[in-house]
Every structure is written in C-alpha cells, then in structure tokens.
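Everything on this sheet refers to the single structure shown next.
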Protein chains: 4
Amino acid sequence: MQPIQITFKKRPRLKKPILVEGLPGVGLVGRLAAEQLVNELDAQPFAVMRSCYFPPQVIVDDRGEISMFENTFYYWKNKKGKNDLIILMGDHQGLSADSHYEVSEAAVKLAYKYNTKMLYTLGGFGTGRMTKKPRIFGAVTDQKLKKQLEKQGVLFKGGPTFIVGAAGLMLGIGKEYGMKGACLMGETHGAYADPNSAEHVLKVLTNLIKIKISYAGLEKMAKEIDKEFEKIKKAQEKQNKELLRGKELSTMDRMAYFR
Amino acid sequence: MQPIQITFKKRPRLKKPILVEGLPGVGLVGRLAAEQLVNELDAQPFAVMRSCYFPPQVIVDDRGEISMFENTFYYWKNKKGKNDLIILMGDHQGLSADSHYEVSEAAVKLAYKYNTKMLYTLGGFGTGRMTKKPRIFGAVTDQKLKKQLEKQGVLFKGGPTFIVGAAGLMLGIGKEYGMKGACLMGETHGAYADPNSAEHVLKVLTNLIKIKISYAGLEKMAKEIDKEFEKIKKAQEKQNKELLRGKELSTMDRMAYFR
Amino acid sequence: MQPIQITFKKRPRLKKPILVEGLPGVGLVGRLAAEQLVNELDAQPFAVMRSCYFPPQVIVDDRGEISMFENTFYYWKNKKGKNDLIILMGDHQGLSADSHYEVSEAAVKLAYKYNTKMLYTLGGFGTGRMTKKPRIFGAVTDQKLKKQLEKQGVLFKGGPTFIVGAAGLMLGIGKEYGMKGACLMGETHGAYADPNSAEHVLKVLTNLIKIKISYAGLEKMAKEIDKEFEKIKKAQEKQNKELLRGKELSTMDRMAYFR
Amino acid sequence: MQPIQITFKKRPRLKKPILVEGLPGVGLVGRLAAEQLVNELDAQPFAVMRSCYFPPQVIVDDRGEISMFENTFYYWKNKKGKNDLIILMGDHQGLSADSHYEVSEAAVKLAYKYNTKMLYTLGGFGTGRMTKKPRIFGAVTDQKLKKQLEKQGVLFKGGPTFIVGAAGLMLGIGKEYGMKGACLMGETHGAYADPNSAEHVLKVLTNLIKIKISYAGLEKMAKEIDKEFEKIKKAQEKQNKELLRGKELSTMDRMAYFR
C-alpha cells in the first residue's frame, strides 16, 4: 500500500486554477468554510486521497454504511472569471508529525500538475475566547499579497507566530513549487466548531477571488450552536452554585471538573 | 524483513470463499466468536501472518514453549453450501495507527486472490454496561446487505459512529477490492472478555452464512466468567463498606481505586 | 543511512557456533552475564551493530571520549568442545516497538550465516522482590531442550507468560531460521542492576555449554551493590521515622515518594 | 518527498573546511553561539536542509511572511588561516529519535564532500543552576584534541556522560567518516536561552580555530535577559510571601505551581 493514494474519478480541464484548502483544524473553521464553498458553487469531486496516515477507523453514517477517512478534491469552472477553483476538503490532515508534510505535499503536487499558481489555506486562530465578530488574521508567502489581504480587513499583527498543519505547510511547500499563497485564519475559541468564524473567513476569500455566494448554511449552523451553548451555560451555572454551596469534591472530581 | 510476512502452509482450492475476521478487539468478542467457529467447523490453518507491527515479545505457553505473535488464516470447505470460508483469527491487529491499515490490507489482499466477494468482520461495541442479552449492531458497505442483517435482528440505530481497527478498515479496504462486507458488533461492557456477546454475534453470522454449529464452548466460558464476577463483586462490596466506615484514603489510593 | 548497520572488523572461521545474547534488559541480568562471559573467555569482537533505532545520543567515557551506542558480536574458539561461541553484548535493544524485531532479526541473520543451530538468550524476570538465591526460569523453542534445562534446575512454572524484547524475539525469529533456542531468566527485583542474578544465570549457561569460568567479577559487583543498598536502606528508615512522626506531606511530595 | 532535502544555492570552493554545528538545544547555547559567529564573520548561506522530521508547521515572521523550518549551511573563507568554515545553524534537530541520526548524518555527509577533517559541535550542559561564569565542558573523538581543549580551560570532569542530539551524534557519525571532532558545552540552567554561556563557548571556539570576532551581540542579549529575570524574581518573591501567609491551595493549584 502506498502511504498516500490519490484516485482520480474525473480528469477535468481547468483554467489556471486557484487551490483552496479547507481540512479540519482549529475550530473546524477551514473545513466549514470549504464545505460551504463546495455546496454553494456545486463544485464537483474529481479526486480522492486516502492514506494510512489517517486514523485507523471507518466512519459509519446514519444509514449504517461505512466509509473510509478521505480528503476530496473538488473543481469548479469559473465561467465569468480567469481562474477555476480546486477545493480540497476532507476528514483529516495526518496523525503523525511527518505525515502532515506528506499529506500537504501530495495536495500541492496535484495542484501543481494543474498549473496552479496561487493557493489559499483556510483555518482558525484559537484564542480561548468567544466572539461574534471574529478578526481575520493572515500570513503570506509574498509581501504583495499582504496588501491585497489588508484591503479586505485581514490583520497581520496579533496573529499566530506558527501555523501548524496543512494550512501552514501547504504554503511553504507551495512556495517551493513556485506558487504564491495566503492563509486566512478566523479568530475562534478553539474548543468548538465555529461556523460564524468560518463565514467571516469565507467572505474574505470570496472577495479576494471575486465570486459571490450565499452564507446561509453557516449562519444557520451558527444559530443552532448558539442555542446549544445557552443550554450548556445554564447547566454550568447550576453546577457552579452547587460547588459554592460547599459540596466537598475529591481530588479526582476536581481534576475531572478542570479538564 | 518485510513489515508483514504471510507464510503459506497449504494452498487450498476454495469455492467463492467468504472471509470472516475475528482479531482481538473490544471485549475480545470478534476473536472469541471466530475461535468458536474455527473449533466447531474444524477449520484448517493454511497461512500465517507475522509482523514487526505486533508487540515486540513472544508468548510463553504453559509448557514453557515460546511462539511469536501471529494471525492465522483458516479455511473450511462447505460441502452443502455455495461458499467456502476463510477465517482470520489471531493475536493482534497492529500497534501503530498506520499498521492497522497495513495489516487489514494484507488480509484483504489474501482473500482477494482467492476470489472473495464477501466479508464479515466481527467485533464488540463497548457500552460500559453488562448485559445478558446483548444487542447486535451492524454496519455495511452496501444497503442491500442491511436488509439481510435486519432480518436477523441486527440493529442500525444506536451503534457506533466509528469502527476502529481491522473490523472497520477491512470493510473499507475490501470495498476498494470489489468486496461487499458487513460488520457485526456485539454489545459488551468493553473492559472484560465477553463470550456471551461473542455467542450472540456468532448466531447471527451462522444464520447469515447458513451453517449450524454448537455454541457450547462459549456458553461454558461465559459461565466461568460469571462466577469470577460474583467473587469480585463480593470483594468490592466488602471494600466499599470499609470505605464508608470512614477509613481515610490518600490521593494515591483513591486514584488507584478509580482506575 | 541503513537503519541497522553491521560492520565487520574480522571474518573469523567458526565451528558450529552457539549464539549467546546478552543485551540490556530487566535488571541488566543478561548484559552482566554476557559481559562476564566475554571477559572470562577473552572473547574477541568481530562485528559491530549501529542503528538509528538506538537512543539519539553518544556516550562520554571518563576520559571525555565519545562513542556511539552499539552492540558488539564477540567470538570465542572452543578448543576442547564441539561448538564455538558468538556472544552478542551491547548498549541497547531498540527504542520503538518494531525496531526490536529488526535488531533481533539482524542478529539472528548474522549467526545464521555462521551456520548457528542453537542460541541462548539471557535475561531477568522482574518480581519486585530482592533475593539472594534467585530462581532461574526458562523458555524454549523445543520440548527436548526443556529436559536439558530442567536438569540444571531451570524452572518452567511460575515464570513469565511473555518475554519482551530480544531475549524473546531472537528465539522466535531464530526458530524461523531453523535454530533451536532457550531463554534463561534470572529472578530479579527489576529496578536495580543485579550481578548476583546474572551469576546464577551464567552458571546454568556454562553448565549447558560445558565450559568452566570464574564468576569473581560478578561476585565483586554484587558485594558493592549490597553495600550501596545498606546505605540506602538506612537512609530510608530514617526518612520513614520522620514520616511517622507526623510531618505532613503535600500530595506532590507523596507522589514523589511513591514513585 | 525525500525525508531530508538539501538544496544548494551556491557551490563554493572551500579550503579544508572545519564544520561548526550550532542547532537548537539545551539553553539554545549552540544555536546562539553559531548565530553570533555567522553574523560576525558575515558567513554566507549556501545550502538549506528541509525535512518532514521537523515540526509540521511554518514560522510566521513579524511581516506576516511564512517560512518553513530549515537548517542552513553557511561558509566563510578564512583568508589568513588554513581552514575555511562551514557553519550549520538552524531551526530544529529532528522530532523523532531516529530522525536525529538522519539529520546528523546528512550534515556530516555534506561536510565530508567538502573534504572536512575536523568538526566542532556546540551545546549547553544543563545544571539547573544559574551562573555568570559558566564552565565549559568538552568531549572528543580523540585524546590529542583533549589536550588542545584543556589549554583553553575546557573541563573533562564533572560534565555529561551522554550527549543527546546532533552535538553528540555528529561527532560519532563524523568519526565513521574519518573526521576528528570535539563538542564544547557551556554550563547553563537549561530552562532558559543563555547568551552568556554561548559567549563563553564561542570564545573557546574562536581561540581554537584562531579567529577574532566581537561578542557584543551576545553580551547585549544577556543583559536584556538579566533584566527580564529581575522582574520575574520580584514577581515570584511576592507570590511566595502570599503562600507563606497561609493561603490554602488546592492540589490543582499546587500542581500548577510546581510545574
């Protein structure tokens, strides 16, 4: 078995495609943004990546049907613009440290064969705080790109000093393959899926690549999550009161509580 | 050394064999079921898998004789039915995450060479509860199989959303090799070997592949384990009473107790 | 770089050599026994194994000179007997699980090329107790060997059910290369180097291979260690008294104490 | 992707170059010393090492530009002396145990092709204590070197018995490639970057290779760090007083405090 297998279902002809990466990461921001993009553009899957670097398990859907962990490449033909899109969306990045490099390089290589010159990686920047108006932080391979991003409100101060995983490595490896690239990171708590942050990231991306789509899917998801948090918040307040009432906790309980 | 070595002792001719997997996993359910099947059918070993992915140790039996960790392929010629059987039973699945993929693919490949079109993987679904009447949950590669399993009482709601290890991966990889497959998972506590759950899984399997065998071995083992649990239960009740009597425990003791 | 490199310094001609393995393991029993054997027989080094599977560090000796981790193969020409010896003694077995298999196979292969038909692996069996008269436990590839070992007082009841590392794997892999083999395990505490246990193991081994050597080196080392233990014991008794005197300890202290 | 890639930007002709290694390690001593050396000599980069063994992330600089983890080889032409220099400075050594061997061997191989006969590795020796006058400890491949080092005040008693990582392995591997080598280790606390220790190491090195440079950069950095420590010390003293005042701490707090 090859450690990474890419199987092509179609061989589309693409016009100077831009690569957009949205694999699962902090707050699922990149993945949620890419998913919305794929759905709204009705982008078509054309290649599937499987790997022994993904978790050693299969997913069971609600009909009881299994599927392996996989990352999928979608394409979208941009009839009005200069650049078609390749969107990488999927289930996982890689378990071991070195597999991150291999997964990222495999994706960049595929785009390279399609003559990709530009790539955007999407992700979250975890701050441990919740916010309704997440800032968008950027990182680039090239100073010229920075100006374009700044026009869209992207910040270059106060963001991360490292970008872990595909969102970072695909830029670095892309550069070696002659691609320019930018990472867009939506501020997010980090411990929860954050469709609101994804929406803000996606708005910047669509402005940059000059397409218009609806964000309704992410907005709906954000509202549902807000409701869940309200419930949890009330439950926690109740629990806190009980704690203050002096109920003694064993060390084990306390440890569980702090986790 | 090849990471996975399969050594053939015989090269049996098999008639459209169905592959049955029963490697050690949750509650040892799959392994116990496969063992009973091998014993009852008097299935014959024909190939042995060894691997550096297994634990770096040898097993010492009660005569002081050592043996390496290995998984064995057994065959059974089904004189009355359409399909012979290949049964994979053994000592281990793989230690590292990626080795699970490799062990699973090696097993599927062997079956593929024998023209296998169908595979069953057997496992446990850990719930943390003990039950005398374990439910059997299923997962399939194909909706048509689902109906056949439902006729045998297999459930497709309330089961796992992921299947870890060979029981899941062999279905996913088998699909890529053109095989249909189903996983049968017996409800089990998860922390103990569960021959009773194995028996229930095996009953479904034998109905599906239309063979009749005795389950006496598993029933006997279940009774022995029940007796052990009675003893442990009594010992724990005694210990709990002492705790309630106010004996102070250090944090270390408590941690050991909760483990 | 090859993961395992074996460099030959000499190419001795050996007469049906028996392989003796003494790599570091539980209580350093095997290593200490092999070292004594090498010293007493004045066995000569002829091949050196280096590997990226060993710890990523070098050893600095008391003259400030560095050396890499390595395992050395020694030979000894047995003028009076039928079998020469190959003794494998060294610094490490392997860090990762799968490297244990590779290190063990590399050693067996070397012996195989010298037409080795028999191998002894030496190790410790950790019981958590200290004893002046350690029992010697055995494990074999072959029931005939068992009788020979039993004549030397080797026990086959009450020992380990698994043998971890080279002492076990070399027997298992050796068997695949057509070698018979036995493991001799000296009872030992497990947390300390145990030259006394090594001496008892070595006495059994030398009886089996019919050679006579002095054990003075191990006896001396055992006495030195005994003296150290007396000191530690007194220090601990003092500490225990302080504890009983009611000095309160924080959880952190207690944890450190139990480690 | 090759696990380790070395890309040449130039192919300088070098005169019997000495290799100096300064990768990040204990107290960043080696890295800081090498950085100062590169800056003062205006050594030029000529080759870059990238590897999937480095952390799976990219670095974002203060202009928002990303770069991959990399180790760089610099050269310096020594017009007055017999030996040019190759200086290896960079971001990382390797994450996994075996990658340390591979990174070290790749670096030694590059120097070997330039006909290097001598190498110095620079590092820190962590003692858990802070000192203004760090001792310099040495380790060598060769007793003759020891005398040269001792003339520079380098100590060979009381230092480490193991040297972990590139500073040790490059000596060991270098020896196999026919190189002599010495490791210079500056005494350091271990938990903090230590430019003062780096300065002392660098003074010994420059004496040994007979060049003169300024150490102003390291001196300035050391002063800045001293100021930071003063602040931290005052904050800690305040905290300790509060503790002594009897404020009760939960186990969790205490654990956090001791970390």
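Annotations
- Screening segment D:154-169 for residues that are of a type in the set (Gly, Ala, Ser) and surrounded by 21 or more Cβ atoms within 10 Å (Cβ to Cβ) and picking the one that is farthest from residue D:19 (Cα to Cα) gives D:165.
- Selection status of residue D:34, away from every other protein chain (no Cβ under 11 Å), among the small types (Gly, Ala, Ser) and over 17 Å from the mean Cα position of the chain (by Cα): no
- Entry remark, segment A:134-147: residues being over 18 Å from the mean Cα position of the chain (by Cα) and over 23 Å from residue D:68 (Cα atoms) number 0 in total.
- Segment D:40-82 - residue that is touching a Gly at 6+ places or on another chain (Cβ under 6 Å) and away from chain A (no Cβ under 14 Å) and, of those, surrounded by the most Cβ atoms within 10 Å (Cβ to Cβ): D:71
- Some residue of segment C:220-241 being farther than 19 Å from residue C:23 by Cβ, touching a residue at least 40 places away in the same chain (Cβ under 8 Å) and surrounded by 16 or more Cβ atoms within 10 Å (Cβ to Cβ): no
- Which listed residue is modelled with pLDDT of 95 or more, within 14 Å of chain A (Cβ to nearest Cβ) and in a strand (DSSP E or B), from B:170, B:185: B:185
- Listed by first and then second residue, the pairs with beta-carbon distance under 7 Å, at least 6 apart or on different chains, first residue in segment B:145-162 and in the same structural domain as residue B:117 (by TED's automatic domain parsing) and touching a residue at least 60 places away in the same chain (Cβ under 8 Å), second outside any strand (DSSP E or B) and not hydroxyl-bearing (Ser, Thr, Tyr), are B:148/B:208.
- Matching residues in segment C:131-140 - criterion: being within 7 Å of chain B (Cβ to nearest Cβ) and either part of a loop (DSSP other than H, G, I, E, B) or within 30 Å of residue C:229 (Cα to Cα) (or both): C:138
- Residue that is nearest to residue C:65 (Cα to Cα), among those in segment D:181-219 that are in contact with an Asp or Glu (Cβ under 8 Å, 6 or more places away or on another chain) and surrounded by fewer than 17 Cβ atoms within 10 Å (Cβ to Cβ): D:213
- Subset of segment A:31-44 [farther than 19 Å from residue A:83 by Cβ and of a type outside the set (S, T, N, Q)]: A:31, A:32, A:35
- Filter result for residue C:116 (assigned by TED's automatic domain parsing to the domain that holds residue C:32, β-branched (Val, Ile, Thr) and under 16 Å from residue C:163 (Cα atoms)): no
- In segment B:141-153, the residue that is surrounded by the most Cβ atoms within 10 Å (Cβ to Cβ) out of those that are in a loop (DSSP other than H, G, I, E, B) and facing chain A (nearest Cβ under 9 Å) is B:141.
- When residue B:43 is tested against the conditions (1) among the aliphatic types (A, V, I, L, M); (2) free of Cβ contacts under 8 Å to residues at least 60 places away in the same chain; (3) over 14 Å from residue B:17 (Cα atoms), the lone failure is (3).
- Taking the criterion of being assigned to a loop (DSSP other than H, G, I, E, B), at pLDDT 90 or above and more than 20 Å from residue A:130 (Cβ to Cβ), the residues of segment A:210-259 that qualify are A:210, A:211, A:212, A:213, A:214.
- Unmet requirement for residue B:121, which otherwise passes all of (1) touching a Lys or Arg at 6+ places or on another chain (Cβ under 8 Å); (2) part of a strand (DSSP E or B): (1)
- When segment C:99-127 is filtered for residues that are aliphatic (A, V, I, L, M) and either at the interface with another protein chain (Cβ under 10 Å from one of its Cβ atoms) or buried (at least 24 other Cβ atoms within 10 Å of the Cβ) (or both), the ones remaining, listed by number, are C:103, C:106, C:107, C:108, C:111, C:119, C:122.
- Flag if residue A:11 is in the same structural domain as residue A:210 (by TED's automatic domain parsing) and surrounded by fewer than 18 Cβ atoms within 10 Å (Cβ to Cβ): yes
- Among the residues of segment D:154-167, those identified as outside any strand (DSSP E or B) and closer than 14 Å to residue C:63 by Cα are D:154, D:156, D:157, D:158, D:159, D:160, D:161.
- Taken over segment B:24-59, the residue count meeting the criterion of being of a type in the set (S, T, N, Q) and more than 24 Å from residue C:176 (Cβ to Cβ) is 2.
- Note on segment D:83-93: residues that are buried (at least 20 other Cβ atoms within 10 Å of the Cβ) and in a loop (DSSP other than H, G, I, E, B) total 2.
- So residue B:96, is it assigned by TED's automatic domain parsing to the domain that holds residue B:141, buried (at least 24 other Cβ atoms within 10 Å of the Cβ) and out of contact with any strand residue (DSSP E or B) (no Cβ under 8 Å at 6 or more places or on another chain): no
- Scope segment A:7-56; condition in a strand (DSSP E or B) and within 22 Å of residue B:165 (Cα to Cα); matching residues: A:48, A:49, A:50, A:51
- Number of the condition not met by residue C:37 [criteria: (1) closer than 18 Å to residue D:174 by Cα; (2) of a type in the set (A, V, I, L, M); (3) surrounded by 23 or more Cβ atoms within 10 Å (Cβ to Cβ)]: (1)
- Residues satisfying the stated conditions in segment D:72-88, i.e. under 15 Å from residue D:117 (Cβ atoms) and in contact with a helix residue (DSSP H, G or I) (Cβ under 6 Å, 6 or more places away or on another chain): D:86
The values are calculated or read from the model by the stated rules, or taken from the named source; none is laboratory data. The model shown is predicted, which means the values in this text are computed figures rather than measured ones. Every residue, glycine as well, gets a Cβ built from its backbone with ideal geometry; the counts of neighbours run over all protein chains shown.
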